[in-house]
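All remarks here apply to the structure that follows.
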């Protein structure tokens, strides 16, 4: 696998994992009034919202700061 592809996939996956952790933490602590805690579809979409946003931000920052 070319180095740039590996770099991008690694950074995207790392940011996605950080976003999942943040989204799960916010959902479990009740900071978001997004419905009942038993609504798994809403919880999954909420976590994906954070994961996709932070993943792309992490990748963009890594590409910007790469020398």
(message) Whole angstrom only: what separates the Cα centroid of segment 38-67 from the Cα centroid of segment 1-34?
(response) 5
(message) As I understand it, the value is the acute angle between the Cα axis of helix 40-65 and the longest principal axis of the Cα atoms of the chain; what does it come to in degrees, rounded to 10?
(response) 20
(request) Kindly provide the helix-only [θ] at 222 nm of the chain, computed as the sum of -39,500 (n - 2.57) over DSSP H runs of four or more divided by all residues, to the nearest 500 deg cm²/dmol? (result) -27500 deg cm²/dmol
(message) Under a crude label model (7 Å from the Cα following the beta-carbon direction), how far is residue 56 from residue 9 in nanometres?
(response) 2.1
(request) Return the tail of the calculated pair distribution for the chain, meaning the percent of Cα-Cα pairs more than 14 Å apart. (result) 60
(message) Starting from the 7 Å offset along Cα-to-Cβ, what nm value, one decimal, do you get for the label separation of residue 42 and residue 25?
(response) 2.3
(request) Enter the angle in degrees (range 0 to 90, nearest 10) between the Cα long axis of helix 3-28 and the first principal axis of the Cα atoms of the chain, meaning the one along which they spread out most. (result) 20
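Read-outs: derived from the displayed coordinates by stated rules, not from any lab. Every value quoted in this text rests on a predicted model; they were computed, and no experiment measured them. So basically every Cβ, Gly included, is an ideal-geometry build from the backbone, and we count neighbours across all protein chains shown.
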